[in-house]
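Let me begin by presenting the structure, written as C-alpha cells, before commenting on it.
The values are calculated or read from the model by the stated rules, or taken from the named source; none is laboratory data. Keep in mind it's a predicted model, so treat the numbers as computed, not measured. Because the Cβ atoms are built from the backbone with ideal geometry, glycine has one as well, and the counts that use them run over all protein chains shown.
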C-alpha cells in the first residue's frame, strides 16, 4: 500500500492527540468511577478496552477507505440503518432496558442501533445533497426529499424511545441542510414545526415531562426526579478547583446514578477539579475549530458535508452531555464522546474520527496526485 495512505497531516496529528487524551482520561475516570459498582472493579475497564479495540479497527478502516468509493453505497447503508431501527422494536430481537428498546443483543455484546442510524443519516444526506446541489432551491428535490429522509430516521429513533438522540440527529441534519444551501424559507417553518411536534411528544410522555419540570427547580426536586442532577452538581462543588483526587470521590460510591456513563463528567469534576473539566471543554472546542478550518480544503460538497457532519455529531453530543451534567440543559441520557462507558458509541465516535482524518489526508494532496489516488 502506498505510503501516502499512512501519512497523517499536521491537523490530523493534532486531532489524533486530542482523541487519545480524551480516551485515556475516560479509561482512568471509568476505572475510578466503577470501584464501588462491582466486586471486580476492573470489569468495566476491561469491557471498555475490548470495545476500544473494535473502535480502533473501525476508525482505521474509516481512515483508509476511499470516501468517493463509499458514495454509491450511501443509500444502502441508510437502508440497513433503517432496517435495524425497525428490527430493534421487534420483541425477541430488541432488548428493553429502563423502558427503552434501543439495543440488539449479540450474546456478550449489545449494539445500540441508533448509532448505526446516525452513520446512515450522515452518508445519506451528504450523498443526496451533493448530487442535487443545483436543485437545493427547489421545494421537492431541495427540501422535501432530504427532510423526509431526516424525518424517517428521527421518527424511528423517537419510537424506541430516544428523544435525545433524535434531537441530536435533527440538529445535525438541519445544520447540514442549511450549510448545503437549502433555502431558509423552507427550513425555518419546518424547524419550528418539528420543535412543536417534539415538545408535544415530550408533553405526552410523563417521564420526560417530569425531567423538564424538575430541571426548572432542581433544589425542590433534589430527592426525587432531579436527584441525579443534584448529585452531579454536588460533585462539581466538592471537587472545586483542584479536585479531591482519583478514587477519593464520594459520588462514585453509588450516590450518583449512571456515574460511569451519562454523568461521568461530574466524576471528572469531583476527582480532578476545574482544570480538567475546563480542559475537556477546550479539547472538544479545539477539535471542532481545527476541523472547521480544514473544511475549506474539501474538493466537493459530498466530502465537505461528510466531514462537517462527523464534526457536528461529536461536538454537539459533547455539548449536550456537558450541558446536562452541569445543569444547563434538562436531564437526558447521552454519553460524553470518548470518555463515557459504552461500546456502540465509542465505535461510532472512532469511525467519525477516521472519516475526519481521511478527509484531512486526502485534501492535503496536490490536485493531480489526489485524482490519481482517488
TODO: Would you please list the contacts, defined by Cβ atoms under 8 Å and residues six or more apart or on different chains, that run from a residue in segment 21-49 that is on the phi < 0 side of the Ramachandran plot and modelled with pLDDT of 85 or more to a residue that is surrounded by fewer than 15 Cβ atoms within 10 Å (Cβ to Cβ) and part of a helix (DSSP H, G or I)?
DONE: 27/49
Task: Given (1) over 21 Å from residue 167 (Cα atoms); (2) in contact with a strand residue (DSSP E or B) (Cβ under 9 Å, 6 or more places away or on another chain); (3) surrounded by 15 or more Cβ atoms within 10 Å (Cβ to Cβ), number of the condition residue 103 does not satisfy - done: (1)
Open item on the list: Any residue at all in segment 233-242 that's exposed (fewer than 15 other Cβ atoms within 10 Å of the Cβ), part of a helix (DSSP H, G or I) and either modelled with pLDDT of 75 or more or touching a strand residue (DSSP E or B) at 6+ places or on another chain (Cβ under 9 Å) (or both)?
Closed with: yes
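Yes or no, residue by residue, for (1) surrounded by fewer than 15 Cβ atoms within 10 Å (Cβ to Cβ); (2) at positive phi; (3) within 24 Å of the chain's Cα centre (by Cα):
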{"site": "138", "(1), (2), (3)": "no, no, no"}
{"site": "141", "(1), (2), (3)": "no, no, no"}
{"site": "162", "(1), (2), (3)": "no, no, yes"}
{"site": "169", "(1), (2), (3)": "no, no, yes"}
{"site": "177", "(1), (2), (3)": "no, no, yes"}
{"site": "184", "(1), (2), (3)": "yes, no, no"}
{"site": "198", "(1), (2), (3)": "no, no, yes"}
{"site": "206", "(1), (2), (3)": "yes, no, no"}
Task: Complete set of residues in segment 305-326 that are closer than 22 Å to residue 127 by Cα and in contact (Cβ under 8 Å) with a residue 60 or more places away in the chain - done: 305, 306, 308, 309, 310, 312, 313, 316
Task: Complete set of residues in segment 328-350 that are part of a helix (DSSP H, G or I) and under 11 Å from the mean Cα position of the chain (by Cα) - done: 344, 345, 346, 347, 348, 349, 350
- [ ] Six or more apart or on different chains, Cβ under 6 Å: which pairs go from a residue in segment 267-288 that's part of a loop (DSSP other than H, G, I, E, B) to one that's crowded, with 18+ Cβ neighbours inside 10 Å? Could you list them?
- [x] 273/239; 273/243
Open item on the list: Kindly evaluate residue 117 against the criterion of being crowded, with 20+ Cβ neighbours inside 10 Å, out of contact with any strand residue (DSSP E or B) (no Cβ under 9 Å at 6 or more places or on another chain) and free of Cβ contacts under 8 Å to residues at least 60 places away in the same chain.
Closed with: yes
Open item on the list: Exactly one condition in (1) in a helix (DSSP H, G or I); (2) in contact with a helix residue (DSSP H, G or I) (Cβ under 8 Å, 6 or more places away or on another chain); (3) at pLDDT 80 or above is false for residue 212; which is it?
Closed with: (3)
